[in-house]
Amino acid sequence: ADSPEPAKPGLIGRLLGRKEPSEPRRVLDDDMLEQLEELLIASDMGVDTALRVSANLAEGRMGKKVSTREIKDLLAAEVARIMEPVAKPLPLYPTKPQVVLVVGVNGSGKTTTIGKLASQFRAAGKKVVIAAGDTFRAAAVEQLQVWGDRAGVPVLTAPEGSDPASLAFDAMTRAQADGADLLMIDTAGRLQNRADLMEELAKIVRVIRKKDPDAPHNTLLVLDATTGQNAISQVETFQKLADVSGLVMTKLDGTAKGGVLVALADKFGLPIHAIGVGEQIDDLAPFDPQDFAAALTG
Ligand code: GDP
């Protein structure tokens, strides 16, 4: 795959500050290694991962001359090696409907991601239904309806403040009756009261299991890449609230360096099903470890 040149200097560009990637060669010493560690930590990779990646890179190379190109390639290879096992598209099952529960804090991009996914699945010939399960935020419901219209997918709603679990149950009934391939259920993202949210999510799961004991088949956690290291604690929190099966990382088009994805892959090993690369309906891309590593290290 041809990876486009990153718009801003990546890690190695900043480390060595050179335009010409292959020469001159420089001795890999403690000072340079320390700079590399600092850059990796600053990229949100996390201290443990940054130190280990640096150590792997330096192994057998201390005191030897290396070129910028060599360091960049080694670093990209290390990053790609960590990321490859987690790069997995959302698995599709023959079950009708496959139920995808979508969780994440408000503002992470849940609504947008559901719209983008609905559009992709529809384009792939799948019949999709969306349930606007964040019944406490009228704006969220309206926003989801806008996305449903864009994607050409029905959005089931309930009056403001009504029980998300009964909406989920009705949505299951409707999706089954319609022979839908996929039911995506949006959920609330208020972390202010975790006990409430946990109970709300548990109740949704309980009622949809009355219709299909294997549901939800996926629980997608949507994370905002611009929150950096915060994404780590969000995974930890949502793993306690729900049975998270995979991640979507949004806003990787912005200034976010995305180093936190490396930390997430290293720490949790959860599949990254897709990445958000913009605000438009087609701005959802499969996660490509090689492209990601090239862009991060560039
Ligand atoms: P929710 O509260 O989790 O449902 O978040 P929304 O889907 O409403 O998204 C919050 C904001 O982030 C909106 O302004 C979206 O347009 C924006 N957004 C979502 N995904 C992306 C992305 O991949 N890239 C960019 N640049 N913006 C995004």
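No lab work stands behind these numbers, since they all come straight from the coordinates. Computed from a predicted structure; not experimentally measured. Here Cβ is always computed from backbone atoms with ideal geometry, including for glycine, and neighbour counts include all displayed protein chains.
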* Asked: From the backbone phi of the range 291-298, what are the Karplus-calculated ³J(HN,Hα) couplings (6.51 cos²θ - 1.76 cosθ + 1.60, θ = phi - 60°) in whole Hz, Gly and Pro given as x?
  -> 4, 4, 4, 5, 5, 5, 8, x
* To do: In nm, give the distance between the simple-model label positions of residue 239 and residue 202, each being 7 Å from the Cα along the Cα-to-Cβ direction.
  => 1.9 nm
* Asked: In what order do 178, 30 fall by count of nearby beta-carbon atoms within 10 Å, going from fewest to most?
  -> 30, 178
* **Ranking of 146, 102, 53, 235 by count of other Cβ atoms within 10 Å, fewest first** => 146, 235, 53, 102
* Asked: Could you give the length gained on full extension between residue 253 and residue 210, defined as 0.36 nm per residue of separation minus the Cα-Cα distance, in nm?
  -> 11.5 nm
* To do: Find, to one decimal place in angstroms, the Kirkwood hydrodynamic radius of the range 34-105, where the mean of 1/r is taken over every pair of different Cα atoms and then inverted.
  => 15.1 Å
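Two decimals is fine: what's Rg over Rh for the chain, C-alpha atoms, Kirkwood radius as Rh? Before the final figure, lay out each step's value.
Numbers: Rg = 21.3 Å, Rh = 20.3 Å.
Taking Rg over the Kirkwood Rh, I get 1.05.
State to the nearest 20 debye the size of the charge dipole of the range 157-250 about its Cα centre, where the only charges are +1 on K and R beta carbons and -1 on D and E beta carbons.
Values: 9 positive and 14 negative charges, 45 e Å.
So the magnitude is around 220 debye.
Report, for the range 172-298, the % of DSSP beta bridges that are antiparallel, rounded to 5.
Working: 2 of 10 bridges.
For the range 172-298, the DSSP antiparallel bridge percentage is about 20.
For the peptides 218-224, 81-87, 191-197, 31-37, what is the packing order when you average, over each peptide's residues, the other Cβ atoms within 10 Å and list the highest mean first? Spell out each step's value before the answer.
Values: 218-224: 24.4, 81-87: 17.1, 191-197: 12.1, 31-37: 15.4.
Answer by packing, highest mean first, reads 218-224, 81-87, 31-37, 191-197.
On a 27 Å Cα-Cα criterion, which of the cross-link pairs 88/110; 116/210; 211/240; 96/251; 96/203; 211/267 come out too long? Walk me through the numbers on the way to the answer.
Details: 88/110 19 Å; 116/210 29 Å; 211/240 24 Å; 96/251 31 Å; 96/203 21 Å; 211/267 34 Å.
Beyond 27 Å: 116/210; 96/251; 211/267.
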* Roughly how many nanometres apart are two label points built 7 Å out from the Cα toward the Cβ at residue 195 and residue 122? -> 4.1 nm
* Positive-end extreme of charge dipole, the chain - chosen from 141, 242, 121 (charges on Cβ) -> 121
* Structure fact -> Counting only DSSP beta bridges with both partners in the chain, the antiparallel fraction in percent, to the nearest 5, comes to 15 percent
* **Dipole magnitude of the chain, debye to nearest 20 (Cβ charges: Lys/Arg +1, Asp/Glu -1, about Cα centre)** => 400 debye
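Arrange 113, 157 by Cβ neighbour counts within 10 Å, fewest through most, would you? Could the numbers behind the result be given before it?
Details: 113 26, 157 19.
So the ranking, lowest neighbour count to highest, is 157, 113.
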* Asked: Pulled fully out, how much extra length does the chain show between residue 174 and residue 142, if you take 0.36 nm times their separation in residues and subtract their Cα-Cα distance?
  -> 9.5 nm
* Principal axis lengths of the range 85-163 from Cα atoms, whole Å, largest first? -> 37, 27, 22
* Structure fact -> Two pseudo-spin positions, 7 Å from Cα along C-beta at residue 69 and at residue 35, lie apart in nanometres by 2.0 nm
